[in-house]
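Notes to accompany the following structure.
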Amino acid sequence: MRSLLFALTLLAGLAPLGASAADKLTVLLDWFVNPDHAPLIVAAEKGYFADQGLDVELVPPADPSAPPRLVASGQADIAVSYQPNLHMQVKEGLPLSRIGTLVETPLNSLVVLEDGPIAGIADLKDKTVGFSVGGFEDALLGAMLETAGLTLDDVKLVNVNFSLSPSLFAGQVDAVIGAFRNFELNQMEIEERPGRAFYPEENGVPVYDELVFIARNDALDDDRLSRFVTAVELATIWLTNHPEEGWDLFVAKHPELEDELNERAWFDTLPRFAKRPAALDTGRYARFAAFMKDRGLIEEIVPVETYAVELN
């Protein structure tokens, strides 16, 4: 009898541990870990994921284009991706939806040398513009040029791969499209060749979310997703209140990123994180979808609720 009571007591003591075991969640990043992912690192290191009963694995991709497709095929739970890319993924028929926002403003920009001859977009007539990825960047540039009475035919486009600022420094191009304002501009200042940026959302392009969280359409009722977004919100608010402490925490976890460029990027990116990551601005998404259609990047505009949701 005493042995039975001991066994029952032991089982009762173990039951809460089993019940509280964290739910695993795999999150594929859009790129290697960098300050754009600050709320995710903080949520992991400060225990916000654990507080939500989550065991989150953050995975940098071997191929940056792969995460959305891996999530669509059920090989991961969430991917960090880009709102413009999501519209094109929906066009391709991938069963994906935006479930939250990480960076709520564009980071992309058109950059020239500050001491160069380009003082305004109109000065790009008959000049050379470098780009890394065709398609969307061409559409951005075309819309921006139109605000100055120009078209893509008025410039020469050159693929510089990912050598954006180096191609400017070397005089290969007069401007580059696709430069992230929180990184390239800081890199140019560090190199003592400061740049001047023209922002798409101020020059003919509807504002959009740069980085979003996406998941499979048939997984949207999985409460792990809403708990994940809640943890990201808590981490973002903490970062807003404790930016310096956040940087110390970030580089303690990733000491290889402790340098001037990443520190500058860290503080430039903080104001751009979504304070309400779950909140969905359907008007913003509809306007940007219309822009994508007008630029020939998608063939039709589908209802926002079919590819972007606000989790309960």
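The values are calculated or read from the model by the stated rules, or taken from the named source; none is laboratory data. All values reported here derive from a predicted model rather than from experimental measurement. Glycine gets a Cβ as well: all are built from the backbone with ideal geometry, and neighbour counts include every protein chain shown. Quick note on the areas: whole protein, heavy atoms, side chains included, nothing else; ligands and nucleic acids left out. Shrake-Rupley method; radii C 1.70, N 1.55, O 1.52, S 1.80 Å.
A compact table of results
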item	result
Residue in region 183-197 that is most open to solvent (accessible area, probe 1.4 Å), counting only those that are under 25 Å from Tyr208 (Cβ atoms) and not in a helix (DSSP H, G or I)	Arg196
Every residue from region 48-86 that is open to solvent by 20 Å² or more (accessible area, probe 1.4 Å) and closer than 20 Å to Lys275 by Cβ	Tyr48, Asp51, Gln52, Tyr82
Candidate set: region 140-157, residues that are hydrophobic (A, V, I, L, M, F, W, C) and surrounded by fewer than 21 Cβ atoms within 10 Å (Cβ to Cβ); chosen: the one nearest to Ala290 (Cα to Cα)	Ala143
Residue count, region 159-182 (criterion: under 25 Å from the mean Cα position of the chain (by Cα) and either open to solvent by 60 Å² or more (accessible area, probe 1.4 Å) or among the β-branched types (Val, Ile, Thr) (or both))	7
Count of region 224-253 residues which are more than 15 Å from Arg276 (Cβ to Cβ) and not aliphatic (A, V, I, L, M)	12
Condition check for Lys125: among the charged types (D, E, K, R), touching a helix residue (DSSP H, G or I) at 6+ places or on another chain (Cβ under 6 Å) and surrounded by fewer than 23 Cβ atoms within 10 Å (Cβ to Cβ)	yes
Condition met for Leu270 (in contact with a Pro (Cβ under 9 Å, 6 or more places away or on another chain) and under 30 Å from Pro255 (Cβ atoms))	yes
Among residues of region 97-122, those that are aliphatic (A, V, I, L, M) and open to solvent by 10 Å² or more (accessible area, probe 1.4 Å), counted	4
Failed item, numbered, when Ala50 is tested on (1) closer than 24 Å to Leu270 by Cβ; (2) within 20 Å of the chain's Cα centre (by Cα); (3) in a helix (DSSP H, G or I)	(2)
Ser3 vs. criteria part of a loop (DSSP other than H, G, I, E, B), modelled with pLDDT under 95, among the hydroxyl-bearing types (Ser, Thr, Tyr) and surrounded by fewer than 23 Cβ atoms within 10 Å (Cβ to Cβ)	no
Condition check for Ser132: surrounded by fewer than 18 Cβ atoms within 10 Å (Cβ to Cβ), within 22 Å of Asn186 (Cα to Cα) and among the hydroxyl-bearing types (Ser, Thr, Tyr)	yes
Residues that are farther than 15 Å from Phe180 by Cβ and assigned to a helix (DSSP H, G or I), drawn from region 109-140	Ile121, Ala122, Asp123, Leu124, Asp138, Ala139
First in region 283-312 and on the phi > 0 side of the Ramachandran plot, second anywhere and open to solvent by less than 70 Å² (accessible area, probe 1.4 Å) and in a helix (DSSP H, G or I), Cβ under 8 Å, 6 or more apart	Gly296/Ala139
